[in-house]
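Okay, so here's the structure we're looking at.
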Amino acid sequence: MPLQTSVRASKKPLRLDDEVRFLRSWIEKPLHMGAVMPSGRLLARTMAQYVDPHGTGPVIELGPGTGAITNALVQHGIDQKRLVLVEYNPGFCALLRDRYPQAKVVQGDAYRLRDTLWNVLGMPASAVVSGLPLVTKPMLTRMKLVRDAFAAMAPNAPFVQFTYSVVPPIPKSLPGVTTEASERIWMNLPPARVWVYRKP
Ligand SMILES: C[S@@+](CC[C@H](N)C(=O)[O-])C[C@H]1O[C@@H](n2cnc3c(N)ncnc32)[C@H](O)[C@@H]1O
């Protein structure tokens with residue numbers, strides 16, 4: 001069997017292939033993508049560490065793309081069956097269905113979260129992990145997203161978001177919301193920080 005065929009049969013993410021897919025999508029829709037390449041491993045691991053692998057509720061990932069953070073969530077011990085992956089791009093959805101056959105892949109708009117998740121969740125989510133390029137959206141749209149996400153989550157569950165920006169993507173002093181941030185991850189290109197907002 002040729003090497004290329006056997007590597008593909010393993011369904012393991014190939015970083016270079018994913019970078020090419022990502023770049024193509026960025027050329028077509030730069031604002032939608034918000035980045036020219038997938039998140040690096042350290043950033044993805046940092047995102048995943050805020051999610052409790054022993055929880056029982058669904059873990060919703062918004063904008064999973066080629067699955068860089070999805071992979072870190074699975075490596076962190078989160079059962080694929082708990083994953084609900086909300087992705088706009090149909091090509092990425094097909095890739096995610098192939099790579100994570102036990103996860104629920106929902107092709108839809110994360111900024112219309114109530115409609116998109118209607119009838120999808122059986123119980124409140126344990127976490128929402130977002131790779132959406134939030135800063136390309138007006139603040140009102142970002143706030144609506146967090147409000148809709150909180151409505152789908154259990155109390156104290158984390159909404160985890162990374163940003164390349166030096167300021168938080170969501171204000172850090174929302175009434176009743178506990179906020180924390182990671183160190184800046186200089187190893188990522190571009191450097192990023194993870195912000196976590198816990199539902200009251
Ligand atoms: C910055 S990329 C992050 C991809 C991946 N999470 C990572 O870290 O490598 C943003 C992703 O969000 C997706 N996206 C953008 N707008 C979206 C929307 N309204 N609903 C769902 N997904 C969206 C894009 O298709 C892309 O896959």
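Helical content of the chain, expressed as a calculated mean residue ellipticity at 222 nm, amounts to -9500 deg cm²/dmol (DSSP H runs of 4 or more residues, -39,500 (n - 2.57) each, divided by residue number, nearest 500). Around the amide H of A157, modelled in the peptide plane, lie the amide H atoms of K199, all under 5 Å away and 5 or more residues distant in sequence or on another chain. Here the Karplus curve 6.51 cos²θ - 1.76 cosθ + 1.60, taken at θ = phi - 60°, turns the phi angles of the stretch 188-200 into couplings of 7, 10, x, x, 9, 10, 9, 10, 10, 10, 9, 4, x Hz, with x standing for Gly and Pro.
In the elastic network of the chain, a GNM with C-alpha springs shorter than 10 Å, the most mobile of N188, N156, N119 is N119. Projecting label points 7 angstrom from Cα along Cα→Cβ for V167 and L140 puts them 1.8 nm apart. Counting only Cα atoms, the chain measures 59, 36, 28 Å along its principal axes, largest extent leading.
Listed values for the stretch 102-117 are Karplus-derived 3J(HN,Hα) couplings in whole Hz (6.51 cos²θ - 1.76 cosθ + 1.60, θ = phi - 60°), namely 8, 7, 9, 9, 10, 7, x, 9, 5, 7, 10, 4, 4, 5, 5, 9, and x replaces Gly and Pro.
Phi-derived couplings, Karplus 6.51 cos²θ - 1.76 cosθ + 1.60 at θ = phi - 60°, listed residue by residue for the stretch 53-67: x, 9, x, 10, x, x, 10, 9, 10, 9, x, x, x, 8, x Hz, with x used for Gly and Pro. Amide H contacts under 5 Å for S130: L62, V160, Q161, F162, restricted to partners 5 or more places along the chain or on a different chain, H placed in the peptide plane at 1.01 Å from N.
Taking amide hydrogens as placed 1.01 Å from N in the peptide plane, the amide H of V106 sits under 5 Å from those of L85, V86, E87, each at least 5 positions away in sequence or on another chain.
Every number in this text was worked out from the coordinates using simple rules, so none of it is lab data. Every value quoted in this text rests on a predicted model; they were computed, and no experiment measured them. Ideal geometry is used to build each Cβ from the backbone, glycine not excepted, and the neighbour counts take in all protein chains shown.
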